[in-house]
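One structure below.
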Amino acid sequence: WIATPGVYDHSLENLDWLRASAALSAAFLAGGGRRLVGAGTCLEYDRDGGADSAGPRTIYAAAKHACRLVFERQIAGVEGATLAWPRIFFLVGAGDHPDRFAQALARRLIAGETAEISQGLVERDFIDVRDCARAIAALAGAEASGTFDVASGRGWRLRDLAEAIAAKAGRPDLLRINPTLDRAGEPPRLVGDPEPLRLAAGVAPIYSIDQSIADLLRHWENRAANAHHG
């Protein structure tokens, strides 16, 4: 699916990916597949971040929600078919888009550039991408059906995470708070519950946020060193 920062949330391309996903799952089931694992998003939750929330507020989140409904309808007509729908929270990983929040910060700080952020008062649940991969693989081999948060269960204010990255990089002096970067209408808190996933698939996060930050900074240090030697 489209996941370009600043673009994906209201892009109409999401509707194309919804159709493509529906076609892919239909072909999978028609070919004899019986265990379907989707890839949802925590943004399917509404502004309060709770399981009883009203629903998505972006085209991306609405398309993901609709994708789950399509998958549920498809497997209902196929004997023995099951569906697990992991709702992925906020990933930290070296291979992510360079303009993603943690990536962009690490990249700029390692380059010795000023890193501007908003006031960063919203709270988010960050999970290492390697833990996310382990969770999805575990769900594929499990039998449990339903929705599962792929999350750490811990909330970080964006500002606190930014300060932790800057401190680990040894460049807290480069961090700048710019209130004009605040985004109106942002959910104040999106924090998941990893316990249902642990019970269903026997998997829980093993990477601490400190380890994720260290590995992210090392990635950009290596990139900078290779560019210098090149």
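If you scan the range 131-150, which residues turn out to be within 16 Å of Asp193 (Cα to Cα), among the hydrophobic types (A, V, I, L, M, F, W, C) and open to solvent by less than 50 Å² (accessible area, probe 1.4 Å)?
Across the range 131-150, the qualifying residues are Cys132, Ala135, Leu139, Phe148, Val150.
Being among the aliphatic types (A, V, I, L, M) and under 22 Å from Leu43 (Cβ atoms): is that true of Leu190 here?
Against the criterion (among the aliphatic types (A, V, I, L, M) and under 22 Å from Leu43 (Cβ atoms)), Leu190 qualifies.
I'd like the residue in the range 10-40 that is open to solvent by 80 Å² or more (accessible area, probe 1.4 Å), part of a helix (DSSP H, G or I) and in contact (Cβ under 8 Å) with a residue 24 or more places away in the chain and, out of all such residues, is farthest from Ser145 (Cα to Cα).
So the residue we want is His10.
Working only within the range 99-143, note down all residues that are more than 20 Å from Gly6 (Cβ to Cβ) and charged (D, E, K, R).
Within the range 99-143, Glu123, Asp125, Asp128, Arg130, Asp131, Arg134, Glu143 meet the criteria.
Which one of the conditions (1) open to solvent by less than 10 Å² (accessible area, probe 1.4 Å); (2) part of a strand (DSSP E or B) does Arg87 fail to meet, given that it meets all the rest?
Exception for Arg87: condition (1).
How many of the residues in the range 178-202 are of a type in the set (Val, Ile, Thr) and open to solvent by 70 Å² or more (accessible area, probe 1.4 Å)? I'd like the intermediate steps shown before the answer.
Residues of the range 178-202 of a type in the set (Val, Ile, Thr): 180, 191.
From the residues that got through so far, the ones that are open to solvent by 70 Å² or more (accessible area, probe 1.4 Å) too are 180.
Qualifying residue count for the region: 1.
For Ala81, are the conditions met, namely being within 22 Å of the chain's Cα centre (by Cα) and crowded, with 16+ Cβ neighbours inside 10 Å?
no
Can you give me the ranges of the helices (runs of 4 or more DSSP H) entirely in the range 117-230 with at least 3 residues that are closer than 19 Å to Gly38 by Cα and either at pLDDT 95 or above or polar (S, T, N, Q) (or both)? Lay out the reasoning, then the answer.
Values: elements: 129-141, 158-169, 195-201, 209-229.
Counting at least 3 such residues, we get 129-141, 195-201.
Which residue pairs have Cβ atoms under 6 Å apart, sit 6 or more places apart or on different chains, and have a first residue in the range 177-203 that is under 19 Å from Gly146 (Cα atoms) and a second that is in a loop (DSSP other than H, G, I, E, B) and hydroxyl-bearing (Ser, Thr, Tyr)?
Once the first residue is under 19 Å from Gly146 (Cα atoms) and sits in the range 177-203, no partner that is in a loop (DSSP other than H, G, I, E, B) and hydroxyl-bearing (Ser, Thr, Tyr) comes close enough.
Quick one: how many residues across the range 55-84 are free of Cβ contacts under 8 Å to residues at least 12 places away in the same chain and part of a loop (DSSP other than H, G, I, E, B)?
3
Within the range 96-112, how many residues turn out to be touching a helix residue (DSSP H, G or I) at 6+ places or on another chain (Cβ under 7 Å), part of a loop (DSSP other than H, G, I, E, B) and open to solvent by 60 Å² or more (accessible area, probe 1.4 Å)?
Here the count works out to 2.
The values are calculated or read from the model by the stated rules, or taken from the named source; none is laboratory data. Quick caveat, the model's predicted, so the values are computed rather than measured. Here Cβ is always computed from backbone atoms with ideal geometry, including for glycine, and neighbour counts include all displayed protein chains. Side chains included, ligands, DNA and RNA excluded: accessible areas come from the protein's heavy atoms. Shrake-Rupley method; radii C 1.70, N 1.55, O 1.52, S 1.80 Å.
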